[in-house]
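Before any comments, here is the structure.
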Amino acid sequence: METIALAEVAAVLADPSRATMCLALLDSRAWTVGELGKAAGIALSTASEHVTRLVDAGFVVRVKQGRASYVRIADPRVAELIEHLAQHAEHRPVTGLKSSLRVKRLGFARTCYDHLAGVLGVAVRDGMLATGLVDTADGLTLTGRGREVLAGLGVPLAAGRRPLLRDCLDWTERRDHLAGALPAALLDRAVEAGWVGRDGHRAVKVQPSAVKPFAALGVDLEVLSRPYCAAGH
């Protein structure tokens, strides 16, 4: 049965158009079918058929808001599956300066569905551990000091069924970054406050205003970004 299920998953992502749509949806935003069609370079009717296939497979869900209809990744587990499969595409030989710069930007800071990944994501985990904001004595837990610092940064700590913190293996760094409700809230706050910007292709642009808040998380952005300055950071 597991072999059959794996084959079904592979069949869904084997189509280049559906794979492109899934990669686009990794930015955690809701997309219209038309937008996904443009991203994949296909007609609206064809895009609609592909979206239906993705819905049936449990990869995406349709979301209605008023008269508008959107599509988004079904849940974080699906996003992680696509994220890890995407490494095969990203590890192909780079051709051209533009592609090289994009790979460097993605390697430095990108979104892994709804949280930070890449060098920056790993550094946030390391920094929060080093400064005592997160503890690993009994799994990943947020300390009292961590709650104080995050509250000071305006990061909400809403309770829910989703784990607050958990490790997520970063495929470019081969080390863990933080996933869960808290890292998702941190990314939302960083975008809202203008500490980082998103380019629509999963790369995250770190702004000068991020230096102080990220320092509170134990991250020295000036030191961290030096090797990537040539890539636009």
Open item on the list: Please return the ranges of strands (runs of 3 or more DSSP E) entirely within the stretch 150-207 where 2 or more residues are of a type in the set (A, V, I, L, M) and surrounded by 15 or more Cβ atoms within 10 Å (Cβ to Cβ).
Closed with: 175-179, 204-206
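Condition check ((1) at pLDDT 80 or above; (2) touching a strand residue (DSSP E or B) at 6+ places or on another chain (Cβ under 8 Å)) across all residues:
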residue	(1), (2)
THR52	yes, no
GLY66	no, no
ARG72	yes, yes
HIS88	no, no
LEU101	no, no
LYS104	no, no
THR111	yes, yes
Open item on the list: Is it the case, given these coordinates, that SER69 is within 27 Å of LEU6 (Cα to Cα) and among the hydroxyl-bearing types (Ser, Thr, Tyr)?
Closed with: no
TODO: Restrict the check to the stretch 166-181 and report whether at least one residue is aliphatic (A, V, I, L, M) and in contact with a Cys (Cβ under 6 Å, 6 or more places away or on another chain).
DONE: yes
Task: Meets criteria (in a helix (DSSP H, G or I), small (Gly, Ala, Ser), at pLDDT 75 or above and under 16 Å from ALA30 (Cα atoms)) for ALA79 - done: yes
Task: Within the stretch 149-172, tally of residues that are among the aliphatic types (A, V, I, L, M) and either within 16 Å of ASP114 (Cβ to Cβ) or modelled with pLDDT under 85 (or both) - done: 7
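The values are calculated or read from the model by the stated rules, or taken from the named source; none is laboratory data. What you see is a predicted model; the values in this text were computed from it and never measured. With ideal geometry, Cβ positions are generated from the backbone for all residues, glycine too; neighbour counts draw on all protein chains shown.
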